[in-house]
Amino acid sequence: MASVDGAVLQDWVSRFRDEVTEQKDWLTELDSAIGDADHGANMARGMNAVAERLAGGTPETVDELLKTVGMTLVSSVGGASGPLYGTFFLRAGMTAGAVTELDGPAFAAALRAGLDGVIARGKAEVGDKTMLDAMVPAVDAFDAALAAGGSPAEAARAAEEAASAGRDATEPLVARKGRASYLGDRSAGHLDPGAASTAILFETLADALSG
Ligand code: ADP
Ligand code: MG
Ligand code: MG
């Protein structure tokens, strides 16, 4: 697939909803070790609200679709993850613009803008044991695969692999941002829940782009 249109994005969002719902107990279990045991519930609630919102009809343009996802997440999720994922989709939408499809580089730019929004909002960096530990390598891998001549679907597979490696790499880390940082050294030895949901975000993107 050479371009990313509204149908593909809607499919991504719907797969992400299905998968966080499926993995809800696992995400919550990860958050019960180093947080407040609500990450699975937060993500499932947020994405179900998104699905309800979009059931009324697909927005005409890519920016409208992505901004709707972002605004719905911000307003329906109380935890840290709502505003952070919300910002990701809002910023991605703003950069995508009022178009009906994006080519590979335009979609990469939207993903990069989403990532930059999460960094600006949460002020975390790679190694702080947050969703950024999966998101930064994922977006970097997406860009690198495109630059090497890959299709958006191939780039998304590379992003998925980088995100899951990034998720796994959070296990030994001591958290420096978010609730888990209150635990200090005791946060080591557990996967970060937000990095786990971000790995799902890129897994479902790759699935949506491969049709
Ligand atoms: P809360 O911590 O408010 O209960 P969630 O449990 O839904 O919210 O989400 C927790 C996840 O949010 C963490 O595992 C981490 O990945 C992510 N997170 C928390 N703070 C930040 C931050 N400042 N920057 C990036 N990600 C963060
Ligand atoms: Mg939590
Ligand atoms: Mg919470």
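Laboratory data are not the source of any read-out in this text; all were calculated from the coordinates shown. Just so it is clear, the structure is predicted and the values come from calculations on it, not from any experiment. All Cβ positions, even for glycine, are placed from backbone atoms using ideal geometry, and neighbour counts span all protein chains on display.
Hey, does segment 138-154 have a residue that's within 16 Å of ligand 3 (Cβ to nearest atom) and among the aromatic types (Phe, Trp, Tyr)? Break it down stepwise before answering.
Quick first cut of segment 138-154, residues within 16 Å of ligand 3 (Cβ to nearest atom) only: none.
For segment 138-154, residues within 16 Å of ligand 3 (Cβ to nearest atom) and among the aromatic types (Phe, Trp, Tyr): absent.
Starting from residues that are within 16 Å of ligand 3 (Cβ to nearest atom) and part of a helix (DSSP H, G or I), keep the ones in segment 76-101 and report whichever is surrounded by the most Cβ atoms within 10 Å (Cβ to Cβ).
Filtering segment 76-101 down to residues within 16 Å of ligand 3 (Cβ to nearest atom) leaves 76-86.
Next cut, part of a helix (DSSP H, G or I) only: 76, 81-86.
Details: Ser76: 18, Ser81: 25, Gly82: 21, Pro83: 19, Leu84: 25, Tyr85: 29, Gly86: 24.
The qualifying residue surrounded by the most Cβ atoms within 10 Å (Cβ to Cβ) is Tyr85.
Filter segment 59-75 down to residues that are among the hydrophobic types (A, V, I, L, M, F, W, C), away from ligand 3 (no atom under 16 Å from the Cβ) and more than 17 Å from Ser3 (Cβ to Cβ), then give me how many there are.
Step one: filter segment 59-75 for residues among the hydrophobic types (A, V, I, L, M, F, W, C), giving 62, 65-66, 69, 71, 73-74.
Restricting the remaining residues to those that are away from ligand 3 (no atom under 16 Å from the Cβ) gives 62, 65-66, 69, 71.
With the extra rule that they be more than 17 Å from Ser3 (Cβ to Cβ), the set shrinks to 69, 71.
The qualifying residues number 2.
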*Restricting to segment 50-72, what's the tally of residues that are surrounded by fewer than 18 Cβ atoms within 10 Å (Cβ to Cβ) and closer than 23 Å to Arg121 by Cα?*
2
*Only one of (1) closer than 22 Å to Ala138 by Cβ; (2) surrounded by fewer than 17 Cβ atoms within 10 Å (Cβ to Cβ); (3) not hydrophobic (A, V, I, L, M, F, W, C) is not met by Gly46, so which one is it?*
(2)
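Checking the conditions here, which among Ala124, Ala141, Ala162 is surrounded by 21 or more Cβ atoms within 10 Å (Cβ to Cβ) and near ligand 1 (Cβ under 9 Å from one of its atoms)?
Values: Ala141 fails: near ligand 1 (Cβ under 9 Å from one of its atoms); Ala162 fails: near ligand 1 (Cβ under 9 Å from one of its atoms).
Being surrounded by 21 or more Cβ atoms within 10 Å (Cβ to Cβ) and near ligand 1 (Cβ under 9 Å from one of its atoms) holds for just one of Ala124, Ala141, Ala162, which is Ala124.
Out of all the residues in segment 59-74, is one or more farther than 23 Å from Phe107 by Cα and either part of a loop (DSSP other than H, G, I, E, B) or not charged (D, E, K, R) (or both)? Steps first, please.
First, pick out the residues of segment 59-74 that are farther than 23 Å from Phe107 by Cα: none.
The answer is no; no qualifying residue exists.
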*Quick one: how many residues across segment 33-83 are closer than 20 Å to Ser181 by Cβ, among the small types (Gly, Ala, Ser) and more than 10 Å from ligand 2 (Cβ to nearest atom)?*
2
_Close pairs (7 angstrom Cβ cut-off, 6 or more residues apart or separate chains): touching a residue at least 12 places away in the same chain (Cβ under 8 Å) in segment 119-146, hydroxyl-bearing (Ser, Thr, Tyr) and assigned to a loop (DSSP other than H, G, I, E, B) anywhere_ = Gly122/Thr130; Ala124/Thr130; Lys129/Thr170; Asp133/Thr170
*asked:* When you check Phe89 against the structure, is it more than 16 Å from ligand 2 (Cβ to nearest atom) and either over 29 Å from Lys129 (Cα atoms) or touching a strand residue (DSSP E or B) at 6+ places or on another chain (Cβ under 6 Å) (or both), yes or no?
replied: no
